[in-house]
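Reading through the structure tokens given below for one structure.
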Amino acid sequence: MFTFSPIGFVKSPYTETSKIPRGCGAKHDAEGVLEILPEFAPGLLDIEGFSHLYVVWTFDRADGFDLVAHPPTDEKRPHGVFATRSPRRPNPIALTVVELLGREGGSLRVRGVDMLDGTPILDIKPYLSSIPEEKLQRGWLKEAEDRKAKGE
Ligand SMILES: C[S@@+](CC[C@H](N)C(=O)[O-])C[C@H]1O[C@@H](n2cnc3c(N)ncnc32)[C@H](O)[C@@H]1O
């Protein structure tokens, strides 16, 4: 067993899940603030140089899990939960890449939040990817996007 405690909380414009964009083509450009608790704020030293961050957080308002999910990007077809980003997972851990807009003390202004207001943050890391675009495969999502583009 592991026990984690939040390093901070998200200030988000979203108070209801229904307001968070979802499905094919959803744009995540909402701005929010990652409020880091004073005891952890020294850990933000030198974070300003990174344009994007990974935010590891918890789906604290998810209730249980399903091993097979029906994501909004492909509602008619089931996919294994580990092939999706469903909130209903055995360990309710979430990962969002946000753009860092600025820092005021322990507050990070960011763009790209998809979490509810008050969501606990478990960790923050600089976003770094060395995988070339042509090597990335989008699995069932690409097929769902292609079907949507054809109007199917
Ligand atoms: C599809 S998940 C993706 C989250 C993250 N980007 C990831 O990939 O792990 C995003 C959805 O999680 C739900 N959600 C957001 N904040 C939540 C919270 N604190 N507890 C439970 N569900 C939440 C909302 O329905 C939102 O649309």
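The GNM of the chain, with springs linking C-alpha atoms under 10 angstrom apart, assigns the highest mean-square fluctuation among GLU48, GLU134, GLU16 to GLU134.
Each of MET115, MET1 was scored by other Cβ atoms within 10 Å of its Cβ. Listed from fewest to most, they are MET1, MET115.
Kirkwood Rh, the stretch 8-149, all Cα pairs: how many Å?
On the way: mean 1/r = 0.0608 Å⁻¹.
With all distinct Cα pairs of the stretch 8-149 included, I get 16.4 Å.
For the stretch 80-102, backbone nitrogen atoms closer than 15 Å to the point 7 Å from ARG111 Cα along Cα-to-C-beta are found at 97-102.
Sequentially through the stretch 60-75, phi angles give Karplus couplings (6.51, -1.76, 1.60; θ = phi - 60°) of 6, 10, 7, 10, x, 8, 10, 6, 10, 10, 10, x, x, 7, 7, 4 Hz, Gly and Pro residues having no value and appearing as x.
Among rounded, prolate and oblate, which fits the stretch 78-135 when a ≥ b ≥ c are the square roots of the eigenvalues of its C-alpha gyration tensor, a/c under 1.5 means rounded, and a/b larger than b/c means prolate? Since a/c reaches 1.5 but b/c is at least a/b, the shape of the stretch 78-135 is classed as oblate.
Summing -39500 (n - 2.57) over the DSSP H runs of n ≥ 4 in the chain and dividing by its residue number, what mean residue ellipticity at 222 nm do you reach, to the nearest 500 deg cm²/dmol?
On the way: 1 runs with 11 residues, N = 152.
It lands at -2000 deg cm²/dmol.
Taking every lysine pair in the chain that is 8 or more places apart or spans two chains, those with Cα atoms closer than 19 Å amount to 10. Here the simple spin-label model places points 7 Å from the Cα toward Cβ, and for ASP46 and MET1 these points are separated by 3.7 nm.
To the nearest ten degrees, helix 139-149 and the longest principal axis of the Cα atoms of the chain are 70 degrees apart.
Read-outs: derived from the displayed coordinates by stated rules, not from any lab. Fair warning: this is a prediction, and the values are worked out from it, not measured in the lab. Please note: Cβ atoms are built from the backbone with ideal geometry, for glycine as well, and neighbour counts cover all protein chains shown.
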